[in-house]
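Single-structure report; data block below.
Here, each number is a calculation from the coordinates, and none is a lab measurement. Predicted, not measured: the structure shown is a model, and the values here were computed from it. Don't worry about glycine lacking a Cβ; one is built from the backbone with ideal geometry, like all the others, and counts go over all protein chains shown.
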Amino acid sequence: MKNNFKAQFSQNFASGLVVFLVALPLCLGIALASGAPPLSGIIAGIVGGVVIGSLSNSNISVSGPAAGLTAIVLTAITDLGAFELFLCAGIIAGILQLILGFIRAGSISNYFPNNVIEGMLAGIGIIIVLKQIPHALGFKNENISSETLFENGFNPNYLTEIFSAIHPGAVLITLVSITILLIWEKVPTLKSLKMLPGALVAVMVGILLNQLLIVSGSSLAISSQYLVNLPVPTTFNEYKNLITLPSLNGFTNIQVWIAGATIAVVASIETLLCIEASDRLDSKRRITDTNLELKAQGIGNMLSGLIGGLPMTSVVVRSSANANAGATSKASAIIHGVLLLVCVLTIPFLLNLIPLATLAAVLILVGYKLAKPATFIHFWHHGKYQFIPFVATVLAVVFTDLLKGVAIGLIISIFYILQGNMKRAYYLSKEQLNETDEFTIKLAEEVSFLNKAAIKKTLKNVKPGSKVTIDARSTSYITTDVLEMIQDFANVRAKEENIHVELLGFKTSYRDYEVDEESHILITHRRAM
């Protein structure tokens with residue numbers, strides 16, 4: 001057992017270090033975007049790495065404060081008026097997630113179409129960019145920076161007051177940081193430096209540039225009010241005071257419960273979607289128990305709320321960085337959490353030198369990636385049934401809130417699907433899979449995301465050594481979700497379990513897919529993102 005631990009540690013330390021370097025600026029930046037104390041983001045990152053990393057059986061995913069929750073958290077903190085009250089909402093969210101895990105709600109992600117989820121993320125991306133405008137321009141006014149551009153209708157004073165109080169030094173650091181991040185993303189040699197991610201380089205350059213401006217006495221120098229403000233403990237009592245305890249009065253406040261329920265729903269969906277993506281990133285194609293993941297997330301969010309941390313989810317950015325760095329087990333996520341803990345206890349004075357403008361630059365690019373034009377173009381090319389629900393979700397999330405936006409997008413998606421897809425997803429040549437080793441799955445004329453769970457369950461029950469024919473000759477439309485699932489079944493699991501798969505009638509007009517007629521293997525044509 002001891003030797004196994006040493007092996008896991010040595011194999012995953014490098015990937016854990018990479019995730020730590022990626023997570024540090026994101027934890028601070030997301031706390032900033034959420035209107036929460038900077039330390040709350042670090043605490044969430046520590047709990048996400050150490051606690052959730054230990055309890056989850058996902059080998060690749062990494063949990064922490066998520067950009068997808070920033071709009072909800074910011075609104076909740078603003079409405080409740082006190083961060084201590086909001087912490088109760090995080091605890092409530094954790095309790096509800098734990099319940100969802102016990103009632104086996106882990107399959108809920110199968111019932112949300114990709115266009116609505118992508119629309120939700122794009123809307124969040126737009127909100128993140130808007131929220132970072134004050135920090136990117138060096139505008140320091142809490143009464144304005146906590147407002148949204150569309151609060152109570154269009155508010156032109158929001159931008160007017162910001163642009164009338166621009167800090168040139170903050171603008172300079174923002175532009176330098178964005179330039180570094182873009183160069184790191186575009187230059188292959190720099191991008192391949194896994195031990196030196198672009199976000200960390202931008203933070204270091206931002207610190208050095210501001211220190212040079214201070215030393216030279218330049219008017220562009222950024223003062224402490226525009227920098228990260230973490231507590232720097234020097235005594236035992238000060239270390240104890242790092243932990244912000246929730247106000248128990250919050251549990252009697254109906255608004256706190258509403259915020260907690262909202263966080264639980266959104267965090268659970270985002271986590272389940274990330275877990276599905278993380279399992280695909282796993283070179284060994286190990287499958288995560290989604291119900292156990294919800295339980296782990298619930299325990300993590302309860303603990304995070306109890307000690308002053310933000311709510312969290314499994315996060316795609318950190319998980320993909322983890323997989324790309326060569327992680328082989330969840331030891332990598334745990335190592336990243338331990339490194340965050342050591343960092344906040346030993347060098348908070350160094351973190352307090354980070355300009356808020358640099359973190360704003362990091363988050364602006366995060367927001368752009370969530371709402372980039374390529375995503376809009378992608379759904380436009382897939383026709384009105386995909387594009388209209390996507391755009392409706394984006395607009396509803398920006399102009400209302402996240403839950404209403406997702407609900408509106410989902411309703412529109414269901415309307416279109418029910419309009420043209422009243423048939424069953426598929427027809428089996430045999431009623432029971434366990435009665436034969438050879439059978440045919442005949443897909444219906446239209447196969448949507450609503451059919452994903454049924455087809456997934458059928459493929460899961462296919463016995464090793466079987467022969468399966470998936471017939472799509474009468475099918476005019478198959479959603480990307482189902483195509484990707486069939487691809488993974490045919491290309492990965494079927495090979496491992498000696499299952500012979502024959503694919504009939506899959507058309508190249510599905511845009512992202514075609515079938516190799518000789519090998520009957522589904523081939524993916526990935527679009528540029």
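Give the shape of region 1-104 as rounded, prolate or oblate, defined through the alpha-carbon gyration tensor: a ≥ b ≥ c are the square roots of its eigenvalues, a/c under 1.5 means rounded, and otherwise the shape is prolate if a/b is larger than b/c and oblate if not.
Here region 1-104 falls in the oblate category.
With respect to the cross-link table entries Lys456/Lys495; Lys186/Lys372; Lys330/Lys456; Lys372/Lys507; Lys330/Lys457; Lys6/Lys284, which display a Cα-Cα separation exceeding 23 Å?
Numbers: Lys456/Lys495 17 Å; Lys186/Lys372 16 Å; Lys330/Lys456 26 Å; Lys372/Lys507 29 Å; Lys330/Lys457 27 Å; Lys6/Lys284 21 Å.
Listed pairs above 23 Å: Lys330/Lys456; Lys372/Lys507; Lys330/Lys457.
How large is ³J(HN,Hα), in whole Hz, for each residue of region 358-363 in order, when computed from phi with the Karplus curve 6.51 cos²θ - 1.76 cosθ + 1.60 and θ = phi - 60°, using x for Gly and Pro?
Going residue by residue, I get 5, 5, 4, 4, 4, 6 Hz, with x marking Gly and Pro.
Out of Ile243, Asn301, Ala323, whose Cα points farthest toward the positive end of the dipole of region 197-336 (charges: +1 Lys, Arg; -1 Asp, Glu; placed on Cβ)?
Value: Ala323.
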